[in-house]
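Visitor: Got a structure here, written out as structure tokens. Questions coming.
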Amino acid sequence: MVQDNSGQTPSRMALTDLPAGASGRVMALEGEPRVCDRLREMGFCESAVVEKIGGQGTLLCELCGVRIALNDRAANFILVERVRGGA
């Protein structure tokens, strides 16, 4: 498992909790199956790396070179492990 700059093992968090400018690896999608299926179709598969660019209510993120806007309800279903960056 990757360690962050503090030497601690990073924990899972919702994409909404990832700081702006940080990147996270998708660890799981948890929530309504219909929404999770749609997120997977959009590229939010387990092990994909997503960068949170910013936003509240509506989040702007980058995944595979494409910028995607998500409402915070959908972004809460995406559990990530921080891999780099952010405040």
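The values are calculated or read from the model by the stated rules, or taken from the named source; none is laboratory data. Computed from a predicted model, the values in this text were never measured in an experiment. Glycine also receives a Cβ, built like all others from the backbone with ideal geometry; neighbour counts cover every protein chain displayed.
Visitor: If you scan the range 60-87, which residues turn out to be among the hydrophobic types (A, V, I, L, M, F, W, C) and either under 10 Å from the mean Cα position of the chain (by Cα) or modelled with pLDDT under 90 (or both)?
Guide: C61, L63, A75, F77, I78, L79, V80, A87
Visitor: If you take the residues in the range 31-87 that are assigned to a strand (DSSP E or B) and small (G, A, S), which one is farthest from T16 (Cα to Cα)?
Guide: Checked the range 31-87; the qualifying residue farthest from T16 (Cα to Cα) is G85.
Visitor: What residue, among those in the range 52-74 that are among the basic types (K, R) and closer than 19 Å to R84 by Cβ, is surrounded by the fewest Cβ atoms within 10 Å (Cβ to Cβ)?
Guide: In this case the residue turns out to be R67.
Visitor: Show the residue pairs that are 6+ apart or on different chains and have beta-carbon atoms under 8 Å apart, the first residue being within the range 39-55 and without any contact (Cβ under 8 Å) to a residue 60 or more places away in the chain and under 14 Å from M13 (Cα atoms), the second being among the acidic types (D, E) and part of a strand (DSSP E or B).
Guide: Hits for this filter: V50/E62; E51/E62.
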